[in-house]
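A quick write-up on the structure given underneath.
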Amino acid sequence: MEKKVNDLIANLSSGRLGRREFLTRMAAIPGGIAAASAVLPMLPAETARAQFGPPPFTPAEGERRHARIRAMMAEKGLDCMIVPHRAGDGVNLLQYAGYVSGGGFFPYGDGAVVFPLEGDPIIVANRLPSPWISRAKPVVFEDGVQVPLGQQIVEAVEELGLANSTIGVVGTVTGGEGVNEFMNDGLVTYATWATVLAGLPNAEFTDISGDFAVLMMVKGEEEIAACTNAALIGESLHEMLIGTTQVGTDSALLRENVAMHLLRNGATADVQAAFLPPGPMADGTVFNSEYGIIHGGGYCQVTLCMVVGSMSAQMETLAEVAHELMDYGAEHLRAGKRFGDLMEEMEQINRRTGYWHRVPHIHGLLPMTLVGPVFTSEDAVGSRTLGADVVVQEGMVFSFEPGAREGRTAEAKVGATAIVTADGLNVINTIGTRVQQV
């Protein structure tokens, strides 16, 4: 079974197998669709015979990341780090082990990077080469059974001569803090971590998930350029939606237009939240959407609230509150600002106006570790702010999604992708910051 999956991935990546045939064959293998879902977002969507292509970032970007990681390790007195691949959700492209190894090199299953303070790191259980890490422990079998990931991590630590050292680990904590709101059980399976603990009895472990996540959030020039390009695709997506939607437009055609726009721009979208009933759109239809755009190693999330035809008095009021929230956040999200303070200030606007919201007003991207409160209903107690004590830094990327909601369905939710600069905030998307009427 393992060989079949690996062969299909290899044939797809080399161009010997088309996307449709790849999916057809994967569907016949138990668990194959899950594997295909992990592989396909890494491929340029505009090609019929999708190729993996060159790495999205240069060796210089890898050196920048590795230098920052080692500086953090030295500050914390760590001799080694264990960074797992598993991210648990699809909204954090290039997370964790992918961040250290170059991104996108664990298309199927688990894996890890063992990263020493000094010397070359080792990539564990990989199926594709990494552009930044030359030492590798590929997936191996003994007596026809794949060697468990935990055992391979132990072997890599021993190979580096660090079995008796102080080791930082990412993903063993629970409760979400420092990882993201989807990661309530951490990143590492019980079996893997139990094997590591048993195999390295003389090591001292400390979880550094929160520190590592904040380090990842501060982007370099290449990452900022990639995220900006993804956000510009999102901006042109909004232009297309506004230009092609009117009363009577069938919702199926709207979704088709979105899919074709992404295809033409060589992008994919992991988040595709578009709330519309089937059939033609009636006068007064409200279209709230959010798309997570993946393109060339960059990621963004763009939000659009579009009213088709006439706007009700209720929507006009909701729009005013959403705009106030958006403007306040864009004015006050600055380097040096404590994230939790900004979230509390924006919650005060909701309390004053009497409207609630479902999703976070603002959350960080790549990874999604700073997250404002979430509410499940109008009268529910909201979740805590994740990363409340983190101070915003230059180079962090955020998704704005401020909303005002009345009752169960009436909602105005605006937003944008924005990057913190040395002297302010670069709000890349402008169309989505206002409710649009077409």
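Numerical summary
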read-out	value
Condition broken by VAL188, with the remaining ones in (1) within 20 Å of PRO367 (Cβ to Cβ); (2) in a helix (DSSP H, G or I) satisfied	(2)
Residue within region 402-421 that is over 30 Å from MET311 (Cβ atoms) and of a type in the set (Gly, Ala, Ser) present	no
Single residue of GLY161, GLY234 found to be surrounded by fewer than 16 Cβ atoms within 10 Å (Cβ to Cβ), at pLDDT 95 or above and within 30 Å of PRO59 (Cα to Cα)	GLY161
Test: GLU290 is in contact (Cβ under 8 Å) with a residue 40 or more places away in the chain, outside the structural domain of ARG68 (by TED's automatic domain parsing) and of a type in the set (Asp, Glu)	yes
Region 336-352 residues that are in contact (Cβ under 8 Å) with a residue 24 or more places away in the chain, paired with ones that are of a type in the set (Asp, Glu) and part of a loop (DSSP other than H, G, I, E, B) (beta carbon under 8 Å, 6 or more apart)	ARG338/ASP389; PHE339/ASP389; GLY340/ASP389
Filter pass, ALA194 being of a type outside the set (Val, Ile, Thr), surrounded by fewer than 19 Cβ atoms within 10 Å (Cβ to Cβ) and either at pLDDT 95 or above or in a loop (DSSP other than H, G, I, E, B) (or both)	no
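The values are calculated or read from the model by the stated rules, or taken from the named source; none is laboratory data. These numbers come from a predicted model, not from an experiment. All Cβ positions, even for glycine, are placed from backbone atoms using ideal geometry, and neighbour counts span all protein chains on display.
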